[in-house]
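The values are calculated or read from the model by the stated rules, or taken from the named source; none is laboratory data. Quick caveat: nothing in here was measured; it's all calculated off a predicted structure. Note that we place each Cβ from the backbone using ideal geometry, even for glycine, and neighbour counts take in every protein chain shown.
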Amino acid sequence: MATLAQARDIVRSHAGKAPVTVHVADGVYYLPETLVFTPEDSGSAAKPVIYKALNEGGAVLSGGSILDLSWTVYRDGIYQATTPQGVTIDQLFINGRNQRMARYPNYDASQKAVAYQGASADAFSKERAAGWEDPTGGYIHAMHRGQWGGYHYRITGKDAEGEVTYEGGWQNNRKMGMHDEFRMVENIFEELDAEGEWYHNAKTSTLYYMPPADLDLGSATVEIVRLRHLVEFKGSETTPVKHITLQGFVVRHAARTFMDTKEQLLRSDWAIYRGGAFMLTGTEDISILDSEFDQVGGNAIFVNNYNRRTMVKGCHIHDTGASGVCFIGDPDAVRNPLFEYSEKNDLATIDRTPGPKTNNYPSLGVVEDCLIHGIGRTERQPAGVVIDMAMEITVRDCSIYDTARAGINIGDGAWGGHLIERCDVFDTVLETHDHGSFNSWGRDRYWRSDHLTASQEAVDQDPSLPFLDAMKTTVIRDSRWRCEHGWDIDLDDGSSNYDIYNNLMLSGGLKLREGFRRRAWNNIVINNGLSSHVWFNNSNDMVESNIMARANAPYIRGEVTVDGLVDRNFYYQSNEAALQKNREQHNWDVNSILGDPLFVDPDNGDFSVKEGSPAFAVGFKNFPMDQFGVKKPSLKGIARIPSFQKKAPKPRATSKKATPAVDTVKTWLGAELRSLKGEEYSAFGTRKEDGGIALRVPSGSLAAKAGLQDGDLIQGLDGKAVSNVGAFFKALSETNATSLTLKVVRNQQQLELTVKRNSIVQIETASGTSGFVKLPIPAASGKSVTANPRTSNDGIETLVDGQLGQGYGPVFGNSV
């Protein structure tokens, strides 16, 4: 037969009656329409239907078409050709390689960890647009204000004032607007000025292209994209498509779908497009084997709603516009679903029935022995493997790297039971931030953003509440992780019911936030440790018998009273002070020890410990260091591995706004004030650029009496942004108001708090310089004193019932 559709139609009369194999010869098969398999195409377990390339990688399934063009010189290194009437071009392939729409700023491959590999605040400014005759049909791509993914817009023209007009921005579920600086435009004719760029004028049917100097354009193969979905399986739970295998194909030329990425994915950061180059709905026992998904414009494989035992094995998925493999269920299968991040369930009235309402979700799917890289070339909230509203999905023996965001992402705990093992995941979160190589959240029916009050109280009354959705334990084991701009393993908002063991974490360490029953043991954390952002009391967590570089540093805590949640760990960097603090304040790490773990060969990635290592004393056991990642010889031969060297991550493009120098911990109204550092901003759900002052507020302190709470973050004082402690005290010294208006972030929500100054003593120093003054000082405003030229405080720095304590107090500007 000449076409796969004809072969499928002939096979239907035999399907289920005998085993059938369709052998597909080498060549490019330009599909005129999506190839659809329905229940009548099904095989059976004993009599499967197999579509198999004669030679693996020899048969190409294309959703595009080939153009026969005659090129002529246009100008400035640009060539032009007339295209067929009515043709639409969203992607252009020259000799199999996807070229770039004319864009500003130009693409710079060396900026791998920079947004869009080139971004600028003036990307679509009025001044820039003044040079564009008609930008209609162009696109704006911009990072989310908090860099939690991206937004996309279609340009509709210019208004009477010359400002660019556009529509879109629905691709992110936490709608906070686009980033001020990380912006890029494409499909603008006047921006065609770099090799490999192109522009198609549909009105005049003219294609413009600037070829590289070494390209013979006259003999080049030119292809465009027509189809979004190349292959679809269309069945249902009652009548599924069964026992069909597709094996050995190359899949190319699937359209970009970023402007249709609109569906809110529960309370996640994400919106999704339900579709991919291969789309599976209502199937059982479908296998996609030994196939290459090459530069598809959206998701490569989308496993949608009811599917059972989907197998993706031995595949090479690379340079996708969106995600690699998606397992996404039906929100109507979820009990008490919510869709906006800020929405909250009334925990007194929620459905207390465990598990899903229906079976309309993927389960028992497997992604095995696959090489997945170059994920998110267009969209900025993808993952190599995405799992949401699904149960018991396995990701095994996969190498996943070079991703704009996460390597593996599990959204929501509905309904757990997943297995991640022997994977190698690195070079992730390259353009976004506040995520992990493995990333999850568990914003299930029990979770509320006011977690330390409402969620804590509800779970105290009913400890089974977090497990109504996270029913089954998810296991992460025997894998290697490296995230340069986040955490190696990030269990975010409410993630519950995890076992994490025998993992090697090379950079960002382990993050736990607001969940229940997270067990982490026998892991090795290089150059980092545990980050406990928010911890529920009686969480039933356990972190022990791990080798870590540093001791735990809690950021925000509830009133955790359970001893020993973190204990019997081995720390190999200078951790005496942190270890002692954990012991004294939390009764943690009582049985943890310090020393040299005696790694076998860390420079070459073997972090096993030698015989006689003191790490064995805390119960640590060696695990294999040569089983991470893809095993298939042809894929392993081309797969990269992570760097093992201790080095600073490549800097990401950051805001150019100047911020005052960061100060050490200070005291104000009896509260401990501390500038944020590193990735701590994530604990408060804020942007790194905005900074802030974290508060530790003892009960009974003046700060507590004024309405401040432990875990608050101050970001503003009387209308002025304050990004760190120094900026806060500077702003404090510059106001004489009788009350202060603080901009505070609490439970990831912004609020304003008024603090009266009747308990604050203000002192004017004679020298006008910072220093320390001897305390006590008479409690009278305007008292003139001389700052002592001390460099540290050797006494008490407290306020007790409004009175200054004894010792030396620091002077900031004119305020003590």
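With the requirement that a residue be closer than 14 Å to PRO466 by Cβ and either under 18 Å from the mean Cα position of the chain (by Cα) or in a strand (DSSP E or B) (or both), what does the stretch 497-514 give you? Please lay out each step first, then the result.
Just the residues of the stretch 497-514 that are closer than 14 Å to PRO466 by Cβ, to begin with: 497-498, 512-514.
Hits for the stretch 497-514 are TYR498, LEU512, ARG513, GLU514.
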Picked from the stretch 409-448 (must be β-branched (Val, Ile, Thr) and within 12 Å of the chain's Cα centre (by Cα)), the residue nearest to LYS631 (Cα to Cα) is THR428
Of (1) in contact with a Gly (Cβ under 9 Å, 6 or more places away or on another chain); (2) modelled with pLDDT of 95 or more; (3) surrounded by fewer than 20 Cβ atoms within 10 Å (Cβ to Cβ); (4) in the same structural domain as THR82 (by TED's automatic domain parsing), SER236 fails just (4)
Among (1) over 31 Å from the mean Cα position of the chain (by Cα); (2) closer than 27 Å to SER455 by Cβ; (3) modelled with pLDDT of 80 or more; (4) not acidic (Asp, Glu), PHE729 falls short only on (2)
Quick count over the stretch 389-404, residues being of a type in the set (Gly, Ala, Ser) and in contact with an Asp or Glu (Cβ under 6 Å, 6 or more places away or on another chain), is 2
(message) So, ASN106, is that one in contact with a Leu (Cβ under 8 Å, 6 or more places away or on another chain), polar (S, T, N, Q) and in the same structural domain as LEU207 (by TED's automatic domain parsing) or not?
(response) no
By residue number, the members of the stretch 306-332 that are surrounded by fewer than 24 Cβ atoms within 10 Å (Cβ to Cβ), over 23 Å from ARG640 (Cα atoms) and without any contact (Cβ under 8 Å) to a residue 60 or more places away in the chain are ARG309, MET311, ASP330, ASP332
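Go through the stretch 1-97 and tell me which strands (runs of 3 or more DSSP E), entirely inside it, have 2 or more residues that are closer than 27 Å to PHE293 by Cα.
Working: elements: 20-24, 27-30, 35-37, 49-53, 59-62, 64-67, 72-75, 78-82, 92-94.
Hits in the stretch 1-97: 20-24, 27-30, 35-37, 49-53, 59-62, 64-67, 92-94.
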For SER70, the lone unmet condition from (1) in contact with a helix residue (DSSP H, G or I) (Cβ under 9 Å, 6 or more places away or on another chain); (2) surrounded by 15 or more Cβ atoms within 10 Å (Cβ to Cβ); (3) free of Cβ contacts under 8 Å to residues at least 60 places away in the same chain is (2)
Filtering the stretch 247-283 for residues that are farther than 17 Å from LEU230 by Cα, surrounded by fewer than 23 Cβ atoms within 10 Å (Cβ to Cβ) and basic (Lys, Arg) leaves a count of 1
Turns out the strands (runs of 3 or more DSSP E) fully within the stretch 129-228 with at least 3 residues that are under 26 Å from THR261 (Cβ atoms) and not aliphatic (A, V, I, L, M) are 139-144, 150-158, 164-168, 178-186, 197-201
With the first residue restricted to the stretch 339-351 and required to be in contact (Cβ under 8 Å) with a residue 40 or more places away in the chain, and the second required to be among the charged types (D, E, K, R) and assigned to a loop (DSSP other than H, G, I, E, B), Cβ contacts under 6 Å at 6 or more apart or on different chains are TYR341/ARG174; TYR341/ARG267; LYS344/ARG448; ASN345/ARG445; ILE350/ARG445; ASP351/ARG335
Selection over the stretch 565-606 where residues are of a type in the set (Asp, Glu), closer than 25 Å to ASN537 by Cβ and under 32 Å from the mean Cα position of the chain (by Cα) yields a count of 2
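What about VAL525, is it more than 27 Å from LEU452 (Cα to Cα), modelled with pLDDT of 90 or more and surrounded by fewer than 21 Cβ atoms within 10 Å (Cβ to Cβ)?
Working: more than 27 Å from LEU452 (Cα to Cα): yes; modelled with pLDDT of 90 or more: yes; surrounded by fewer than 21 Cβ atoms within 10 Å (Cβ to Cβ): no.
So VAL525 does not fit the description; no.
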Taking first residues from the stretch 421-443 that are in contact (Cβ under 8 Å) with a residue 12 or more places away in the chain and second residues anywhere that are β-branched (Val, Ile, Thr) and surrounded by fewer than 24 Cβ atoms within 10 Å (Cβ to Cβ), the pairs with Cβ under 7 Å that are 6 or more apart or on different chains are ASP424/ILE641
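Between ARG519, ARG513, which is closer than 25 Å to ASP589 by Cβ, in contact (Cβ under 8 Å) with a residue 12 or more places away in the chain and surrounded by fewer than 20 Cβ atoms within 10 Å (Cβ to Cβ)?
Values: ARG513 fails: surrounded by fewer than 20 Cβ atoms within 10 Å (Cβ to Cβ).
Among ARG519, ARG513, only ARG519 is closer than 25 Å to ASP589 by Cβ, in contact (Cβ under 8 Å) with a residue 12 or more places away in the chain and surrounded by fewer than 20 Cβ atoms within 10 Å (Cβ to Cβ).
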Flagged in the stretch 528-549 as at pLDDT 90 or above and part of a loop (DSSP other than H, G, I, E, B), in numbering order, are ASN528, GLY529, SER539, ASN540, ASP541, SER545, ASN546, ALA549
